[in-house]
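Inspection log for the structure reproduced underneath, given as structure tokens.
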Amino acid sequence: QVQLVESGGGLVQDGGSLRLSCAASGRTLSTYVMGWFRQAPGKEREFVAASWGGDNTAYADSVKGRFTISRDSAKNTVLLQMRSLKPEDTAVYYCAAGRPNTVVVQAATYVAWGQGTQVTVSS
């Protein structure tokens with residue numbers, strides 16, 4: 001089973017940028033669907049972005065054009081570059097790994113999760 005560890009969260013001002021990393025061990029990520037989700041206090045976990053099958057990506061409408069998901073195969077890592085951050089992006093961000101039959105926007109279909117990293121955007 002793959003193990004995932006996120007890093008890169010922190011406090012940033014409105015309009016700032018952060019880059020989150022998700023390092024994997026135990027398995028190579030090349031065959032996995034990789035997703036980023038987030039959960040704000042009092043809200044359900046929501047889809048942010050996903051990468052699968054080489055160049056395929058998907059984004060939530062709320063982050064499209066501001067966030068970019070990518071992979072660093074040499075480091076077995078998935079990245080989430082976040083730009084033009086807004087206070088409503090404040091949440092705990094989780095990376096997740098799924099098998100090829102994963103429904104990328106559905107958290108329940110992923111098989112492994114990291115512990116999460118806090119992102120706080122101040123206004």
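The values are calculated or read from the model by the stated rules, or taken from the named source; none is laboratory data. Every value quoted in this text rests on a predicted model; they were computed, and no experiment measured them. All Cβ positions, even for glycine, are placed from backbone atoms using ideal geometry, and neighbour counts span all protein chains on display. The accessibility values were calculated without ligands, DNA or RNA, using every heavy atom of the protein model including side chains. Shrake-Rupley method; radii C 1.70, N 1.55, O 1.52, S 1.80 Å.
Once backbone amide H atoms are built at 1.01 Å from N, Thr90 has Val121 as its partners under 5 Å, excluding neighbours fewer than 5 places away on the same chain.
Shape descriptor for the stretch 31-88: Rg over Rh equals 0.98 (Cα atoms; Rh from the Kirkwood inverse mean 1/r).
Distance between the 7 Å Cα→Cβ label points at Arg99 and Thr57: 2.8 nm.
Counted over all Cα-Cα pairs of the stretch 23-123, pairs farther apart than 23 Å make up 20 percent. To put it simply, the accessible area of the chain at a 1.4 Å probe is 48 percent carbon and sulfur. A 1.4 Å probe, protein heavy atoms only, puts the accessible area of Arg45 near 90 Å². Counting heavy atoms of the protein chains alone, Ser122 has an accessible area of about 40 Å² for a 1.4 Å probe.
Computed over protein heavy atoms with a 1.4 Å probe, the accessible surface of the stretch 25-123 works out to 51 Å² per residue.
The calculated Kirkwood hydrodynamic radius for the stretch 72-123 is 13.0 Å, given to one decimal from all distinct C-alpha pairs. Note on the stretch 17-61: semi-axes of the ellipsoid equivalent to its C-alpha gyration tensor, largest first and rounded to whole Å, are 21, 14, 11.
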